[in-house]
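Report on one structure; see the data block that follows.
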Amino acid sequence: MRTTELNDRPFTRLLGELRVISNEMRQINHKKIINWTDNSPMRDGSLAEALVMVLPTAGCKYAMAKHGGCSMCTLPMDNPLRPSEETIKAFPEMAWDLFVEKGGSARFKAVKFYTSGSFLDKWELPVRVREAILTKFVDHVDEITVETRCEFVIKKNLDSILKVVPNDKIIIAIGQESTDDEINRRSINKGHTFKQFTRAVKLLQDYEIQTKGYILLKPLFLSEIAALYDALRSGQDMHTLGVENISINPSYIGKATLMDKMFKERTYQPPWLWSVLRTTISIKKLVGESVRVICDPVAAGSERGPKNCGNCDADIKSRLKEFSASQQLDVIEDITCECKAIYNAHLVTESLYNGMGNFEIFR
């Protein structure tokens, strides 16, 4: 027990200090709903446009705790530090007005509500406001996705949602990141275990609600090849558990995070885009047509995001987006570039240096 305390305290103390810095960079209150559109594969196999909205709640309560939250997460910086009660009560109308302004149901078949935290946490989003938002949209789209930490996937919250939305219209997204508890604890500081994620998924299955599981590609302290193995194992575990949607999220460097600090100290680099491709292709082949696999990497090709040599980055990013919409592997399987040989040499060198052994599974 003493060893665990010695190992963990400096890590969480540093995360807490960095979170204080990031909170000082946040606006006290703003009403802006960050939004964008994407193409989403629907349950029936069709392709439709979705409107994504980030509601300006206070952000993740877990991130605001003294341990600082997840080591890579910069999302709460998009949110106000102390949103007013008036602003929160106005969310249903604000979201609806934005939906109409962008084209409404004539354009969008799906909406996705993010809060940079948990849609099901009443500390961020009071139950009445949550239900009012869902009520606004339930008759106008075919699919509604919301994000949450797994501890908020409880019967009371699901009963509340299903009062408003039928279970075949809702998807609950959970950021599991890795199914390895040690990686989640010592690299990500996730704050929950795979057992807790399993409980949440099984409860959602009891309610016949689909789950979307997030996988973080290349957490801190993992080599490139170790990150590949972790992502593939996590995809396998989620598939075995029955997760219907898997989102692969390559790391990018967010401001005022531990990942940012290590990046500046040249002790961490985001993953190669080749690793992103290999992970996406391998997981899609594993899960088949029954599971939607999504990968639309943030900041791809930039200094702070997943990248290759610079010549092939834009093409890979574009094709990953196309694959995520179509679910057709042939879109991303034939990509070539001279830098792939350098990438493979990097994996071999890293494998030998770290004693990780063979990497034939990734060929």
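Roughly speaking, what is the centre-to-centre gap between the range 18-47 and the range 183-228 when only Cα atoms are used, to the nearest Å?
Going from one Cα centre to the other spans 20 Å.
Using Cβ counts within 10 Å as a stand-in for footprinting exposure, how do Y207, Y343 rank, fewest first?
With the fewest neighbours first, Y207, Y343 line up as Y207, Y343.
I need the calculated FRET efficiency for the pair M25 and A90, taking r as the beta carbon distance and R₀ as 25 Å, to the nearest 0.05.
On the way: r = 25 Å, r/R0 = 0.99.
Rounded to the nearest 0.05, the efficiency is 0.50.
Helix 2-24 versus the longest principal axis of the chain: what is the Cα-based angle in degrees, 0 to 90, to the nearest 10?
That works out to roughly 60 degrees.
Taking H as built 1.01 Å from N, whose amide H comes closer than 5 Å to the amide H of I294, not counting residues under 5 places away?
Amide H neighbours of I294: I246, S247, I248.
Holding the Cα-Cα limit at 29 Å, pick out from K202/K340; K109/K307; K31/K66 the pairs that are longer than that. Mind showing how you got there, number by number?
Numbers: K202/K340 40 Å; K109/K307 32 Å; K31/K66 26 Å.
Violating the 29 Å limit, Cα to Cα: K202/K340; K109/K307.
If amide hydrogens are placed 1.01 Å from N in the peptide plane, which non-local residues have theirs closer than 5 Å to the one on T179?
When sequence neighbours closer than 5 places are left aside, the close amide H contacts are S234.
If exposed GluC sites (Glu not before Pro) are those in a DSSP loop with at most 16 other Cβ within 10 Å, what is the longest stretch of the chain that has none?
With a cap of 16 other Cβ atoms within 10 Å, the longest stretch comes to 1-207.
Between I34 and residues 5 or more places away or on another chain, which pairs have amide H atoms under 5 Å apart, with H built 1.01 Å from N, and which residues are they?
V54
How much net charge surrounds F99 when only the other residues with a Cβ under 15 Å from the Cβ of F99 are counted, with Lys and Arg +1 and Asp and Glu -1?
-3
The list (1) 5, 22, 30, 26, 14, 3; (2) 5, 24, 34, 27, 9, 1, 0; (3) 5, 21, 25, 21, 15, 10, 4, 0 gives values of P(r) over Cα pairs in 10 Å bins from 0, in percent, and only one came from this structure; which label was calculated from it?
Computed from the coordinates, P(r) over Cα pairs in 10 Å bins from 0, in percent corresponds to (2).
With point charges of +1 on the Cβ of Lys and Arg and -1 on the Cβ of Asp and Glu, referenced to the Cα centre of the chain, which listed residue (N184, L204, L277) lies farthest in the positive direction of the dipole?
N184
Can you tell me, using C-alpha contacts under 8 Å and at least 6 residues apart, the relative contact order of the chain as a whole percent?
14 percent
First measure r as the distance between the Cβ atoms of S302 and T240, then evaluate 1/(1 + (r/R0)^6) with R0 = 45 Å and state the FRET efficiency to the nearest 0.05.
Computed FRET efficiency for S302 and T240: 0.85.
Place a label point 7 angstrom from the Cα of K102 along the Cα-to-Cβ direction, then list the residues of the range 131-174 whose backbone nitrogen is under 18 Å away.
From the range 131-174, the list is 133-148, 170-173.
Tilt of helix 339-354 relative to the longest C-alpha principal axis of the chain, in degrees (0 to 90, nearest 10)?
80 degrees
Could you work out how far helix 194-206 tilts from the main Cα principal axis of the chain, as a 0 to 90 degree angle to the nearest 10?
40 degrees
Where a number appears in this text, it was derived from the coordinates with a stated rule and is not lab data. Note that the structure is a prediction, hence the values are computed from the model and not measured. All Cβ positions, even for glycine, are placed from backbone atoms using ideal geometry, and neighbour counts span all protein chains on display.
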